[in-house]
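Data block below; observations after.
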Amino acid sequence: MGNTLLEEARRLFGKNIALAEPLSKHCSFGIGGPADLFLSAADIRLLREGLAFCREWSLPYFVLGRGTNVLVPDAGVRGMVICVRAGSVQFDRNRVVAQAGASLQKLARMVAERGLAGMEFAVGIPGSVGGAAIMNAGAHGGWIGEPIEEVRLVETSGGGEVRLGKSDLRFGYRESNLRRFPGIISEVILVLHEDEPQAIKERMDQFLLLRKLSQPIRCRSAGSVFKNVEGQAAGRLIDLAGCKGMRRGGAVVSHKHANFIITSGGATYSDVKALIEDVREKVRAAHGVELELEIIDLGDWA
């Protein structure tokens, strides 16, 4: 990466740009090498300017939220990582406008305090609103695609705004069609319904207790590693295949929930990748099922 490019990046973005930033600091696995350039986009203007810079210099880029479902290579990521931190939330009665970088868990609590229901399922799900929309994050029978009324994106080709309404959007199990549009999510608009705050709180408390009892929430992980298969829970298939406690270096299949890989000091990308393949092979042999990743492997992207 040339000196001219780096000097221009520093001039344009100042304290918001970092060179050779370790991505281990920005993902829940706590592993991964550096990004050549790391832009903290605290507002939508910086998101637009970051995309424009990448277009001008023909730089590859990856847009990162809170890094809670990402596996980063030890060698890092070339080009620019744009970390969307813009996270304001605005209310108009039961209509909520949340910027893409808003915390999903905090949003669930904010709407609950206002007596708005429909986001209780998200109380224990880490990550950003934008990332949740792309992946159609869900739990306990709820998912974020259900209350979404509109998604706004910044066009990658020119920086303009694109608005997608309900009729434009398609949500499925841990997926949406948002990746197919040439833009980066800037805002998500949700329409919720009113309910008694105490009733909402009780549902959220129940969901949090279930999560605490069934998942290794105090360990480093990226949540569920694999998608469920045709109505069968991936965690159960992995458990029945005898994978709990399997280890590669600093990565281990959780004893508490078999669909979680947890990492400890010294864990590497190679450890997690090898363990993923070990689990896939055991499940394939035991059940004749091919597991599909739910987490995003940036090694594949790179």
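List of remarks:
- Spatial separation of Cα centroids for segment 185-233 and segment 36-112, in angstrom: 21 Å
- Lysines with Cα under 24 Å of K15, excluding same-chain neighbours fewer than 8 positions away: K25
- For the chain, share of DSSP beta bridges that run antiparallel, in % to the nearest 5: 75 percent
- Annotation: the antiparallel percentage among DSSP beta bridges lying fully within segment 3-84 is about 35.
- For segment 216-301, taking the reciprocal of the average inverse distance between every pair of different Cα atoms yields a Kirkwood hydrodynamic radius of 12.7 Å.
- Remark: segment 216-301 carries a charge dipole of roughly 440 debye about the Cα centre, counting +1 on each Lys and Arg Cβ and -1 on each Asp and Glu Cβ.
- Under the convention that each Lys and Arg Cβ holds +1 and each Asp and Glu Cβ holds -1, the size of the dipole of the chain around its Cα centre is about 580 debye.
- Across segment 256-266, rounded Karplus estimates of 3J(HN,Hα) from the backbone phi angles (6.51 cos²θ - 1.76 cosθ + 1.60, θ = phi - 60°) give 7, 8, 5, 8, 10, 9, 10, 10, 10, x, x Hz, Gly and Pro being marked x.
- Per-residue ellipticity at 222 nm computed for the chain from its helices equals -9000 deg cm²/dmol, with DSSP H segments shorter than 4 residues left out and the rest contributing -39,500 (n - 2.57).
- The length gained on full extension between S167 and A42, counted as 0.36 nm times the residue separation minus their Cα-Cα distance, comes to 42.0 nm.
- Computed over the chain, the ratio Rg/Rh where both radii use C-alpha atoms and Rh is Kirkwood: 0.98
- Bridging of K227 to lysines at a Cα separation below 23 Å is possible for K212, K244, K256, K273, K282, once same-chain residues fewer than 8 apart are set aside.
- Segment 69-209: equivalent-ellipsoid semi-axes (sqrt of 5 x gyration tensor eigenvalues, Cα, Å): 26, 18, 13
- Here the Karplus relation 6.51 cos²θ - 1.76 cosθ + 1.60, evaluated at θ = phi - 60°, turns the backbone of segment 170-176 into coupling constants of 10, 10, x, 5, 6, 7, 8 Hz, with x for every Gly and Pro.
Computed from the coordinates by the stated procedures, all read-outs in this text should not be read as laboratory data. Every value quoted in this text rests on a predicted model; they were computed, and no experiment measured them. No Cβ is skipped: glycine too gets one built from the backbone with ideal geometry, and neighbour counts run over all protein chains shown.
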